[in-house]
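What follows is a short report on a single structure.
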Amino acid sequence: MPDQPPPSLLAHGAEQLSLVVVDAYNAELRSSEGFVGDRASKRAFIAIVDDWRARVRQAGEDPFGETPTTEISKKQLDKVMSQGDAEAAGIIHGAIEEFSQEFAQVIRRFLRLKNWKDVQRIAVGGGLRQSRIGELAIGRTAVILKASGFEIELKPIRHESDHAGLIGSVQLLPSWILAGHDSILAVDIGGSNIRAGIVELNAKKKPDFSAAAVGRFELWRHVEDSPEREDAVKRLIEMLLDLIKRAEKDDLKLAPFIGIGCPGVIRADGTIDRGGQNLPGNWEVKSFNLPHLLREAIPKIGDHETLVVMHNDAVVQGLSEVPFMRDVEHWGVLTIGTGLGNACFTNRATEEEEPQKNEKSEKSEKNERSEKNEKGEKGEKKSSEKK
């Protein structure tokens with residue numbers, strides 16, 4: 001049987017990327033109450049705060065007054081925690097504790113999955129992470145897991161959530177394709193927002209792209225406009241064309257590439273199999289292909305034909321952590337947003353890391369042989385002593 005060709009490094013929803021293998025993503029864990037991930041979403045946190053407020057109102061005044069929880073921003077909640085009314089802060093403390101217990105339980109469920117059982121570290125992203133209350137929830141969840149015997153690290157994603165979902169697109173293609181360029185276009189599509197931005201690679205500063213950062217940036221809260229699918233695509237194209245003009249003004253050397261993070265299970269042809277239910281219109285029909293539409297609208301960037309690669313949004317947000325995860329083998333990402341995005345990865349060794357990996361492997365084998373020989377010698381010694 002002839003050897004199978006290696007998987008394309010520019011396929012949509014690819015399993016193998018340059019530096020990682022995407023072991024799994026978009027796991028849809030269910031319980032009798034519905035999707036398990038819904039218990040650790042932004043909506044779940046809001047519902048918990050609402051419940052605490054309702055309980056307080058039964059015995060007195062709600063310190064937040066008549067303002068709906070959905071209209072209280074994360075910044076306002078952070079301010080309450082640091083210098084606000086003590087009872088209001090108590091409500092948020094109670095909500096953080098309850099949410100953290102739920103989040104820890106959700107993570108335990110993930111760690112039972114075959115692809116997740118060897119995960120050593122989890123990066124937590126999404127909108128809730130971008131606040132002090134989110135960081136406290138992540139920290140409290142980490143403590144709960146460790147106290148119950150789970151040896152796993154839980155860390156907030158380093159970049160702002162608005163930026164992480166764009167920066168991760170840098171990892172969707174081999175670095176050699178970016179030679180001669182200093183930036184790319186990236187898109188992060190969510191259930192509430194569509195973000196598009198210019199990611200500046202800063203490769204001269206850090207060749208591993210650990211210094212990549214978002215320069216120009218546009219955000220559209222489509223949930224407020226309730227657009228049709230075609231209107232959403234048209235608006236996205238306008239955002240990208242505007243960013244291309246800005247890149248030219250800023251004298252940036254844009255690579256002919258657009259990276260997209262999008263909810264759902266992404267087929268190799270760029271269509272969405274399932275999981276796009278929160279997007280404007282129906283994105284799951286096979287006749288709708290966003291990468292194809294973007295290539296048609298923007299056939300060239302500079303003098304070269306445009307490449308478009310799309311992957312799951314949690315995967316792409318997780319990919320922003322690739323340069324900072326080289327010290328572990330298996331790791332994952334959970335994004336707390338409209339739902340709970342999820343993905344787990346296994347690192348692939350670079351050419352520089354391969355000799356170190358082999359050296360570690362040889363050292364490990366040598367240690368195992370030494371240990372066996374030592375046990376054998378001890379056994380022989382005991383046997384001779386008995387005689």
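Bear in mind these aren't lab numbers, they're just calculated from the coordinates by the rules spelled out. Just so it is clear, the model here is predicted, and its values are computed rather than measured. Reconstructed Cβ throughout: ideal geometry from the backbone, glycine too, with neighbour counts over all protein chains shown.
Scan region 233-322 for GluC sites (Glu not before Pro) in coil per DSSP, keeping those whose Cβ has at most 11 other Cβ atoms within 10 Å, and list them by number.
none
Calculate the spin-label point distance for D208 paired with R348, positioning each point 7 Å from the Cα along the beta-carbon direction, and give it in nanometres.
My value for the distance between the label points is 1.7 nm.
Among E66, E329, E153, which one shows the biggest mean-square fluctuation in a GNM of the chain, springs joining Cα atoms closer than 10 Å?
In this elastic network of the chain, the residue with the biggest mean-square fluctuation among E66, E329, E153 is E66.
Using the Karplus equation 6.51 cos²θ - 1.76 cosθ + 1.60 (θ = phi - 60°), what ³J(HN,Hα) coupling, rounded to whole Hz, does each residue of region 16-26 give in order, writing x for Gly and Pro?
9, 10, 4, 10, 9, 9, 7, 5, 6, 7, 6
Using a 10 angstrom cutoff on alpha carbons, build the Gaussian network for the chain and name the most mobile of I260, I122, I244.
Among I260, I122, I244, the largest mean-square fluctuation in the Gaussian network model of the chain belongs to I244.
Which one is right for this structure if Cα Rg over 2.2 N^0.38 Å is calculated from it: [x] 0.99; [y] 1.04; [z] 1.14?
Checked against the structure: label [z].
Within region 168-260, which trypsin sites (Lys or Arg not before Pro) sit in a loop by DSSP and count at most 16 neighbouring Cβ atoms inside 10 Å?
Qualifying residues, ordered by number: K204, K205, R221, K253.
Tell me, how many Å apart are the Cα centres for region 65-110 and for region 268-299?
Taking the Cα centre of region 268-299 as reference, the centre of region 65-110 is 36 Å away.
Between the alpha-carbon centers of region 10-54 and region 162-208, tell me the distance in whole angstrom.
23
What chymotrypsin sites (Phe, Trp or Tyr not before Pro) does region 49-129 have in DSSP loop regions with at most 16 other beta carbons within 10 Å?
Here no chymotrypsin sites (Phe, Trp or Tyr not before Pro) fit, given the DSSP loop and packing criteria.
If you place +1 on the Cβ of every Lys and Arg, -1 on the Cβ of every Asp and Glu, and leave all else neutral, what size is the dipole of the chain about its Cα centre, to the nearest 20 Debye?
Approximately 1140 debye in magnitude.
So which residue, out of D50, D251, D269, gets the largest mean-square fluctuation from a GNM of the chain using Cα contacts under 10 Å as springs?
Comparing D50, D251, D269 in the GNM, the peak value goes to D251.
Using Cα-only point scatterers and the Debye equation, what is log10 of I(q)/I(0) for region 160-320 at each q in 0.15, 0.19, 0.20, 0.21 Å⁻¹, rounded to two decimals?
Relative scattering, expressed as log10 I(q)/I(0), comes to -0.74, -1.21, -1.35, -1.49.
Which ordering of H311, H163, H304 is given by a fewest-first count of other beta-carbon atoms within 10 Å?
Result, fewest neighbours first: H304, H163, H311.
How big is region 251-348 on each of its three principal axes, counting only the C-alpha atoms and giving the largest first in Å?
For region 251-348, the Cα spread along each principal axis is 39, 36, 23 Å.
Before anything else, pin down the relative contact order of the chain: Cα pairs under 8 Å, at least 6 apart, normalised by residue count, whole percent.
For the chain, the relative contact order is 23 percent.
What share of the DSSP beta bridges in region 209-327 is antiparallel, in percent to the nearest 5?
40
May I ask you to derive the relative contact order of region 124-264, considering only C-alpha pairs under 8 Å and at least 6 residues apart, and to give it as an integer percent?
Rounded, it is 25 percent for region 124-264.
Counting each DSSP H run of 4 or more residues in the chain as -39500 (n - 2.57), what helix-only mean residue ellipticity at 222 nm follows after dividing by all residues, to the nearest 500 deg cm²/dmol?
Only helices count here, giving -12500 deg cm²/dmol.
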